[in-house]
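*Asks:* Got a structure here, written out as structure tokens. Questions coming.
The values are calculated or read from the model by the stated rules, or taken from the named source; none is laboratory data. Given the structure is predicted, the values throughout are model-derived calculations rather than measurements. Positions of Cβ are generated from backbone atoms using ideal geometry, with glycine treated the same way; all protein chains shown enter the neighbour counts. To get the accessible areas, we keep the full protein, side chains included, count just its heavy atoms, and leave off ligands, DNA and RNA. Shrake-Rupley method; radii C 1.70, N 1.55, O 1.52, S 1.80 Å.
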Amino acid sequence: MKKITAIMAASVFILSAVHAYNTPVGNESLFEYSSPAVLSGKLSVTGGALFSAGPDSLIVNPALTAGEQRTALNVGYTFLYSGNKDNEYQIGSSFQTGILIPFKLYIFSGFVDGNFTNFDEFYIGNNINIKAGLAKEITDKLDVGLSLSGGLNWGYGFDWALAGNLGFNYTYGDLAFLKNFRYGASLLNLGKGYSDLNRTAYGVTYDADAEENASISMFPTYVTLKVGAAASLYKNDLMDIGLALDLTTPCFQNLIVDLNLQFALKNMLVISLGEKINLVETINHRNNFVPGVSLSFKFDFSVKNNEYLARNDWSQSEMNVTAGYKNLYGSVHAISAAADLSLGMQDTSAPEIILIDYED
């Protein structure tokens, strides 16, 4: 644990550099519009208030999927609408899709997301982003992971991105009244982001007139450090209530606070509330304090008379469907839906050891 923390800290000081911070509004969260989970804060660096992990976990921490046992598929879509009629276009969209495959030595995840918007309130452009990562359990409590991400951005100029990401997640266990207490960290965007674009097309953080000669900072900001903790506050046979807190420092020039509160009923119905506070955007009166909300429902299903599914132990599987909403910036509204499919039944029972005493 100490070695991992030291490596991440050293990477921050070696790779970070002081530069003018002028990231376009909303672009620090470039990957966080494509599903209800990200809009409502369920994808924290520790897996959310009530832990969950899937291919989209690569957005925040590549280590989160290390304990997954089943092949998983993910798809999500967000409809974006701006009520500002001065916009040339009042409709935008965001999507994601991913896959998770467990292997004996590691867990592989692949993820693709895209954004297509052009609003005066905030502009995240047209971009397709791809991520691929590996996660591994080091001990029963410690998980580590790394990933590679890249993408293309076009519309008002053209640019490309390529970066590495690494992280860890540690499950401490029960701590006083906190159940399943977890903490973790990730170091994201270790490479090139988007920057070679027409600045006038972006709703930048600072006043356009005062910063007429300023250039757009690389986004998402390179050397972005995320740290966080999460735990269950109250749990019984009927319900589970959890809370997660993330702190994000993009190259130590901004502070973003993410809070996630989740309420689960019978481990089937989950309500998630997420609040994001971006310090620089708040100072410049560009932040919206309306929390995002999502509602998800999990159910099991079986597929009979399918030899392929039966051969892979996938005849009984699990699906999680989610819907969510968030008011983003000004009059921009996000309505989102997603589905997560886990193939096969999760093994929650420890192996049974039987000792046989053979008599001579």
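*Asks:* For the range 38-73, give me each residue that is open to solvent by 20 Å² or more (accessible area, probe 1.4 Å) and of a type in the set (Gly, Ala, Ser).
*Replies:* Result: 41, 52, 53, 67.
*Asks:* Can you find a residue in the range 275-282 that is under 21 Å from residue 189 (Cβ atoms), out of contact with any strand residue (DSSP E or B) (no Cβ under 7 Å at 6 or more places or on another chain), of a type in the set (Asp, Glu) and in contact (Cβ under 8 Å) with a residue 24 or more places away in the chain?
*Replies:* For the range 275-282, residues under 21 Å from residue 189 (Cβ atoms), out of contact with any strand residue (DSSP E or B) (no Cβ under 7 Å at 6 or more places or on another chain), of a type in the set (Asp, Glu) and in contact (Cβ under 8 Å) with a residue 24 or more places away in the chain: present.
*Asks:* Out of everything in the range 278-302 that is in a helix (DSSP H, G or I) and open to solvent by 60 Å² or more (accessible area, probe 1.4 Å), what residue ends up being farthest from residue 26 (Cα to Cα)?
*Replies:* Here the residue is 283.
*Asks:* Among the numbered criteria (1) open to solvent by 10 Å² or more (accessible area, probe 1.4 Å); (2) touching a residue at least 60 places away in the same chain (Cβ under 8 Å); (3) out of contact with any Cys (no Cβ under 7 Å at 6 or more places or on another chain), which single criterion is violated by residue 222?
*Replies:* Tallying (1) open to solvent by 10 Å² or more (accessible area, probe 1.4 Å); (2) touching a residue at least 60 places away in the same chain (Cβ under 8 Å); (3) out of contact with any Cys (no Cβ under 7 Å at 6 or more places or on another chain), residue 222 fails exactly one: (3).
*Asks:* Looking at the range 140-197 only, could you name the residues that are among the charged types (D, E, K, R) and closer than 30 Å to residue 69 by Cβ?
*Replies:* 140, 141, 143, 174, 179, 182, listed by residue number.
*Asks:* Can you pull out every residue in the range 278-298 that is modelled with pLDDT of 95 or more and β-branched (Val, Ile, Thr)?
*Replies:* Scanning the range 278-298 gives a single hit, 293.
*Asks:* Considering only the range 20-48, how many residues are over 18 Å from residue 94 (Cα atoms) and within 13 Å of the chain's Cα centre (by Cα)?
*Replies:* Adding up the residues that qualify gives 5.
*Asks:* Still on this model: Quick one: residue 133 ticks every box in (1) under 25 Å from residue 97 (Cβ atoms); (2) touching a Pro at 6+ places or on another chain (Cβ under 6 Å); (3) at pLDDT below 85; (4) of a type outside the set (S, T, N, Q) bar one, so which box is it?
*Replies:* All conditions are met except number (3).
A quick yes/no check of all residues on (1) out of contact with any helix residue (DSSP H, G or I) (no Cβ under 9 Å at 6 or more places or on another chain); (2) open to solvent by 20 Å² or more (accessible area, probe 1.4 Å):
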{"site": "124", "(1), (2)": "no, no"}
{"site": "129", "(1), (2)": "yes, no"}
{"site": "133", "(1), (2)": "no, no"}
{"site": "141", "(1), (2)": "yes, yes"}
{"site": "151", "(1), (2)": "yes, no"}
{"site": "154", "(1), (2)": "yes, yes"}
{"site": "159", "(1), (2)": "yes, no"}
{"site": "172", "(1), (2)": "yes, yes"}
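*Asks:* Also, I was wondering about something else. Just name the residue that is nearest to residue 182 (Cα to Cα) out of those in the range 229-275 that are touching a helix residue (DSSP H, G or I) at 6+ places or on another chain (Cβ under 9 Å) and open to solvent by 50 Å² or more (accessible area, probe 1.4 Å).
*Replies:* Checked the range 229-275; the qualifying residue nearest to residue 182 (Cα to Cα) is 255.
*Asks:* Only one residue in 168, 119 is in contact with a helix residue (DSSP H, G or I) (Cβ under 7 Å, 6 or more places away or on another chain) and either modelled with pLDDT of 95 or more or buried (at least 24 other Cβ atoms within 10 Å of the Cβ) (or both), so which one is that?
*Replies:* The unique qualifying residue is 168.
*Asks:* Scan the range 108-127 residue by residue and report those that are among the small types (Gly, Ala, Ser) and closer than 15 Å to residue 148 by Cβ.
*Replies:* 109, 110
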